[in-house]
Amino acid sequence: MPRLYTLLFLFIVAFPQEGGAKHWIHVDSDAPKSEKTALLIMNGFGGSRSGCKAQMAFWQDAGMDVYIPDVLLRESLAASSEALAAFVEEQSLAEYGEVKAICYIAGAYLLHTQLEATPMPNLTAIIYDRSPTQERAPTAAIARIPVLSTLMLGGVLRELSEAEWPPVPADGSVQKGLAIENRATPLMRFLRAEAEAMGPLVYDWRAIDPTAQDAFHVALDHDMMYVRWDVLGEPYRYFFEYGQFPEGLPRERIHNRPFDARYPLPE
């Protein structure tokens, strides 16, 4: 029984469940959308209220309209894609002079699906949160704890574990940057055997996404990527302005112990 309680705790922390769609929207000014830039933040399963609050607290002062849609639905990937399409239309994102995006794992799947169906010519930049460990979470969780996984997150998790991912946008006008996590979450430490059974973990950013313009590695886990804007904020802003991350950030893997919880965190 204690093991079950521990597992439930890990799932609740990793995948907080909050009922009802809760879109977060900040309008920076009353200027016409054609004269403004929109920031679209596509969260994944870790997009909790506290995560969205931290995202908005940082980005609302960046001179952009900020949109954080709550569209990853328990029902299915198809329903989630429909919800995103409806959100994009309702908020008239096509009218903006520019759209920039931040994508977490499942959020990237939904954005790529949306772009396949409806291209977004005003999309100019995407920063992807990439995690060699966390990206294996759907498959690892379904393999080890299928009933609990489906109970907590619905059929969308199983679908994501089996899905063929839409391709990265190939449009050369879209600048793509990667922020690569070098630390596993508590959930992935629990699922370490299943994750490692899927093959070697790849940390070379050029192998992760050959179409990306730049990348940096960070000693954060996936949960922290939603809230540690003291670490991530300025590099992200810099990329959106210059199409590359600041000099001095590590372009290579920081360490080779992603499952070691004792590795120091950024201060």
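Given a cut-off of under 8 Å on Cα pairs at least six residues apart, what relative contact order in percent is computed for the stretch 153-267? Don't skip to the end; give the middle numbers.
Numbers: 118 pairs, mean separation 40.3, N = 115.
Over the stretch 153-267, the number comes to 35 percent.
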**Q.** Amide hydrogen neighbours beyond the local backbone of LEU123, cut-off 5 Å, H modeled
**A.** VAL99
**Q.** GLU247 versus ASP230: modelled label distance in nm, points set 7 Å from Cα along the beta carbon direction
**A.** 2.7
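Mind checking the dipole of the chain: about its Cα centre, +1 per Lys or Arg Cβ, -1 per Asp or Glu Cβ, Debye to the nearest 20? Kindly include the intermediate steps, with their values, before the conclusion.
Numbers: 23 positive and 35 negative charges, 220 e Å.
Dipole about the Cα centre, nearest 20: 1060 debye.
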Q: State the answer as a single residue: which of TRP165, ALA219, TYR109 lies farthest towards the positive end of the charge dipole of the chain, with beta carbon charges of +1 for Lys and Arg and -1 for Asp and Glu, about the Cα centre.
A: ALA219
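Calculated from DSSP H runs of 4 or more alone, at -39500 (n - 2.57) each and per residue, what is the 222 nm mean residue ellipticity of the chain, nearest 500? Could the numbers behind the result be given before it?
Working: 11 runs with 103 residues, N = 267.
Only helices count here, giving -11000 deg cm²/dmol.
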Q) Could you name the aspartates and glutamates in cross-link range of LYS33, using Cα to Cα under 12 Å and dropping any fewer than eight places away on the same chain? A) ASP65, GLU95, GLU98
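Can you give the relative contact order of the stretch 129-194 as a percent, counting alpha carbon pairs under 8 Å and 6+ residues apart?
58
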Q | Centre separation in Å (Cα based) which lies between the stretch 110-153 and the stretch 70-109 | A | 12
Q) Based on the inverse mean of 1/r over its pairs of different Cα atoms, what is the Kirkwood hydrodynamic radius of the chain, in Å? A) 18.9
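What's the exposure ranking of ASP129, ASP65, ASP204, going from fewest to most Cβ atoms within 10 Å? Please list the in-between numbers first.
Working: ASP129 26, ASP65 23, ASP204 12.
Placing the least packed residue first, the sequence is ASP204, ASP65, ASP129.
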Q | Highest-MSF residue in the chain out of ALA117, ALA54, ALA78 [GNM, Cα springs under 10 Å] | A | ALA117
Q. In µm²/s, what is D for the stretch 68-223 at 4 °C and 1.567 mPa s, where D = kT/(6 pi eta Rh) by Stokes-Einstein and Rh is the Kirkwood radius from Cα pairs?
A. 78
Q. How high is the relative contact order of the stretch 29-152, in percent, with contacts defined as C-alpha pairs under 8 Å that are six or more residues apart?
A. 29
Q. Size of the dipole of the stretch 108-192 about the Cα centre, Lys and Arg at +1 and Asp and Glu at -1 on the beta carbon, nothing else charged, in debye to 20?
A. 480
(Q) What's the magnitude of the charge dipole for the stretch 185-267 around its Cα centre, counting Lys and Arg as +1 and Asp and Glu as -1 at the beta-carbon? Answer in Debye, nearest 20. (A) 220
(Q) Just to confirm the filter: which chymotrypsin sites (Phe, Trp or Tyr not before Pro) across the stretch 38-125 are DSSP coil and have at most 13 other Cβ within 10 angstrom of their Cβ? (A) none
Q. When only alpha-carbon atoms count, how far does the stretch 61-110 stretch along each of its three principal axes, as whole angstroms with the largest first?
A. 35, 21, 15
Q. Looking at ILE254, TYR242, LEU232, which one has the Cα that reaches farthest to the positive end of the dipole of the stretch 215-267 (charges on Cβ: Lys, Arg +1; Asp, Glu -1)?
A. ILE254
Q: List the lysines whose Cα lies under 20 Å from the Cα of LYS22, skipping any in the same chain that are fewer than 8 positions away.
A: LYS53
Q: Compute the acute angle (0 to 90°) between the alpha-carbon long axis of helix 229-242 and the principal axis of greatest extent of the alpha-carbon atoms of the chain; round to the nearest 10°.
A: 40
Q.
Could you derive backbone 3J(HN,Hα) for the stretch 68-76 from the dihedral phi with the Karplus parameters 6.51, -1.76 and 1.60 (θ = phi - 60°), listing whole Hz in sequence and x where the residue is Gly or Pro?
A. 10, x, 9, 10, 7, 9, 4, 4, 5
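Bear in mind these aren't lab numbers, they're just calculated from the coordinates by the rules spelled out. The model shown is predicted, which means the values in this text are computed figures rather than measured ones. Note: ideal-geometry Cβ built from the backbone for every residue, glycine included; neighbour counts use all protein chains shown.
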